[in-house]
Amino acid sequence: MKKKKVKLVLASGSPSRIELLRMLDCKFQVIPSRVKEKFNPRLSPIQNVKKLSRLKALDVASKISNGIVIAADTVVVLGEKILGKPKNKKEAREMLKSLSGKEHQVITGIAVVNAKTKKMLGDAVVTKVKFRKLTNELIEKYITSGEPLDKAGAYGIQGKGSLLVESIKGDYFNVVGLPLNTLNQLLEKFRTSLL
């Protein structure tokens, strides 16, 4: 069956997510969701990101008459603890020290909704990332760069944060914030694609 081109809407103002879609040279519109990223302690990290991505997608879908809305929510999980975006440099420092020399999970919930029919599909992707042992000097230099302050887990793997990473198991793009392969598989079920 021939895939049709439909309007894609990214329900996120995340520069990383915008850049990933631009890298694929696909046409899309950005309408950031107004949903607050609040985690429910009774839900698992996977349940939290799936729920938040669905809420974000529905929020934006309710504002437009047609198109396919893409929403995502990414968290870093160390043991049982969810690390969201740090509120300040002190919190970023604490997060980076806790990740030093350890393996953690990056989990992204993704939701795709047809604004007209309200049909929705979703998934979650887990990638394991291991940090090298970080010195205090390296942590301070990284914090001074300003990069950690708007990133889950206080680092961006696509930037200077790559210097903190020893190894990765799984989808690299998931760690950036948008698992492209999974997203494209969901879009194909709506008879469209990122290609």
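The values are calculated or read from the model by the stated rules, or taken from the named source; none is laboratory data. Predicted model, so just to flag it, every value in this text is computed and none were measured. With ideal geometry, Cβ positions are generated from the backbone for all residues, glycine too; neighbour counts draw on all protein chains shown.
Annotations
- For the condition modelled with pLDDT of 95 or more, surrounded by 14 or more Cβ atoms within 10 Å (Cβ to Cβ) and in contact with an Asp or Glu (Cβ under 7 Å, 6 or more places away or on another chain), G161 qualifies.
- Looking across segment 104-147, the residues that are of a type outside the set (D, E, K, R), more than 29 Å from V9 (Cα to Cα) and surrounded by fewer than 15 Cβ atoms within 10 Å (Cβ to Cβ) come down to T135, N136, T144, S145.
- The set of residues in segment 123-133 being closer than 27 Å to K63 by Cβ and out of contact with any Ser or Thr (no Cβ under 6 Å at 6 or more places or on another chain) consists of A124 alone.
- Among the residues listed as S16, S33, S12, S65, the single one being in a helix (DSSP H, G or I) and either exposed (fewer than 14 other Cβ atoms within 10 Å of the Cβ) or not aromatic (F, W, Y) (or both): S16
- Test: residue in segment 96-111 that is in contact (Cβ under 8 Å) with a residue 40 or more places away in the chain, among the charged types (D, E, K, R) and under 21 Å from V60 (Cβ atoms): no
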